[in-house]
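K.L.:
Structure incoming, see below.
The values are calculated or read from the model by the stated rules, or taken from the named source; none is laboratory data. Here the structure is a predicted model, which means the values were calculated and not measured. Every residue, glycine as well, gets a Cβ built from its backbone with ideal geometry; the counts of neighbours run over all protein chains shown. Just the protein is used for accessible areas: all its heavy atoms, side chains included, with ligands, DNA and RNA removed. Shrake-Rupley method; radii C 1.70, N 1.55, O 1.52, S 1.80 Å.
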Amino acid sequence: MALSYVGRHLIRRTHVTLGLPCRRGGAVYGSGYRAEEEEIRQKLQGFPGGSINLVKQESGIAVMTISNPARMNAFSGTMMLELHDRVSELEEWTEGKGLIVRGDAGTFCSGSDLNAVRAIADPQEGMKMCMFMQNALTRLLRLPLISVAVVEGKALGGGSELTTACDFRLMATDSEIRFVHKHMGLVPGWGGAARLVRIVGSQNALKLLGGAQKVDPAYGERIGLSDGTVDPLEGAALEAAEQWLSGFTKGPAPVIRAVKKVVVSGRELPLEDALRTEREVFGTVWGGPANLEALARKAKHK
Ligand SMILES: CC[C@H](C(=O)O)C(=O)SCCNC(=O)CCNC(=O)[C@H](O)C(C)(C)COP(=O)(O)OP(=O)(O)OC[C@H]1O[C@@H](n2cnc3c(N)ncnc32)[C@H](O)[C@@H]1OP(=O)(O)O
């Protein structure tokens, strides 16, 4: 596999299984999977409720809210569809620098809507839903935006997997992240296991998945799952997250986006491809307005 950027899109170059030359938008599965995607889209339409709300702010930080309060922000079928749409919207947002992912009404997300899970018990259909969510969450993580999940209340099952599709996680003092999959007779299927291993290492990932362990903020920070603890008081967690994130998004969008692009390629590509991508991204900022301005003001880094 080789991934590289063409314009602002991360593409996968080899598609031996699907015979495709390239793929748009950082998706895992390309057009060879379109028929199956259409099938699962139809199915997901049958499980309505809740919404995924996106506010793109002038600061360059967008806030995406998972909202289905009657079901602790569980993902209904239509919310899965909406997640795809919101990620597409963010892929087109060229002024964007940062993204906060949060849950509505003081809790993060309790995973898949169990009503939908019960109705999609067939393994083939389950795998299609899993591919659909893997696609959405992979594209979310590959956005050229620095992203943070703000966990208030509980992030369970698919909700815990969603937190790993962000670059960082902040936890409110009384919150928990819990990969409850084992207790459901499952393993993560939204890409959460692959991402978790990269975040906390295989030993810790095995403990979290094998023991379905509760991760509180202190444990989260100790193993590197959480990047900081925030105040859970109403509104305060979001405000604290915005402030925390602005420490990384301060500056011109092209530079911040370039930072995220070289980190994604470094994380995902074999070294030679990562080096090539880094050179290409470097070329987009070298001699650019921010670079020239810094040279003119003889910037010192004391
Ligand atoms: C495992 C992976 C899989 C995947 O797709 O990959 C999943 O994500 S399956 C879902 C995994 N999540 C769960 O199993 C959560 C089960 N629910 C709970 O443990 C509790 O409800 C909890 C801890 C989230 C909240 O407990 P609390 O006592 O505070 O509130 P209630 O239990 O009264 O919940 C309020 C209301 O929300 C409904 N609810 C909660 N989670 C879900 C869910 N995932 N799907 C559908 N509905 C959910 C719960 O049933 C209550 O509704 P009510 O009508 O009042 O019964």
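K.L.:
Test each condition in (1) surrounded by 24 or more Cβ atoms within 10 Å (Cβ to Cβ); (2) away from the ligand (no atom under 16 Å from the Cβ) for THR164 and report the one that comes out false.
P.N.:
Single failed check for THR164: (2).
K.L.:
Give all pairs with beta carbons closer than 9 Å in which a residue from region 80-100 that is open to solvent by 50 Å² or more (accessible area, probe 1.4 Å) meets a residue that is at pLDDT below 95 and not in a helix (DSSP H, G or I); count only pairs at least 6 apart in sequence or on separate chains.
P.N.:
Here the result reads THR94/ARG8, each pair linking region 80-100 to a residue that is at pLDDT below 95 and not in a helix (DSSP H, G or I).
K.L.:
Among (1) open to solvent by 20 Å² or more (accessible area, probe 1.4 Å); (2) touching a helix residue (DSSP H, G or I) at 6+ places or on another chain (Cβ under 9 Å); (3) small (Gly, Ala, Ser), which single condition is ALA116 missing?
P.N.:
(1)
K.L.:
Next question, about the same structure. Can you tell me which residue in region 67-118 is nearest to the ligand (Cβ to nearest atom), limited to those that are in a helix (DSSP H, G or I) and among the small types (Gly, Ala, Ser)?
P.N.:
Narrowing region 67-118 to residues in a helix (DSSP H, G or I): 69-71, 77-91, 114-118.
After this cut, where a residue has to be among the small types (Gly, Ala, Ser) as well, the list is 70, 77, 88, 116.
On the way: ALA70: 6, GLY77: 11, SER88: 22, ALA116: 8 Å.
Looking at the filtered set, the residue picked out is ALA70.
K.L.:
Further question: Would you call VAL259 more than 25 Å from ILE61 (Cα to Cα) and at pLDDT 95 or above? Walk me through how you get there before you give the answer.
P.N.:
On the way: more than 25 Å from ILE61 (Cα to Cα): no; at pLDDT 95 or above: yes.
No; evaluated as a whole, the condition is false for this residue.
K.L.:
Of everything in region 135-148 that's surrounded by 22 or more Cβ atoms within 10 Å (Cβ to Cβ) and assigned to a helix (DSSP H, G or I), which residue is farthest from the chain's Cα centre (by Cα)?
P.N.:
Among those residues, the one meeting the criterion is ASN135.
K.L.:
Sticking with this one: Considering only residues of region 171-184 that are assigned to a helix (DSSP H, G or I) and of a type outside the set (A, V, I, L, M, F, W, C), which is least open to solvent (accessible area, probe 1.4 Å)? Explain how you work it out, then say what you get.
P.N.:
Initial filter on region 171-184 (assigned to a helix (DSSP H, G or I)): 180-184.
Cutting the leftovers down to of a type outside the set (A, V, I, L, M, F, W, C) gives us 181-183.
Numbers: HIS181: 15, LYS182: 111, HIS183: 118 Å².
Within region 171-184, the match that is least open to solvent (accessible area, probe 1.4 Å) is HIS181.
K.L.:
Yes or no: region 183-200 includes at least one residue that is over 26 Å from ARG139 (Cβ atoms) and within 15 Å of the ligand (Cβ to nearest atom).
P.N.:
Applying the first criterion (over 26 Å from ARG139 (Cβ atoms)) to region 183-200 yields 183, 185.
Narrowing further to those that are within 15 Å of the ligand (Cβ to nearest atom): 183, 185.
There is at least one residue in region 183-200 that is over 26 Å from ARG139 (Cβ atoms) and within 15 Å of the ligand (Cβ to nearest atom).
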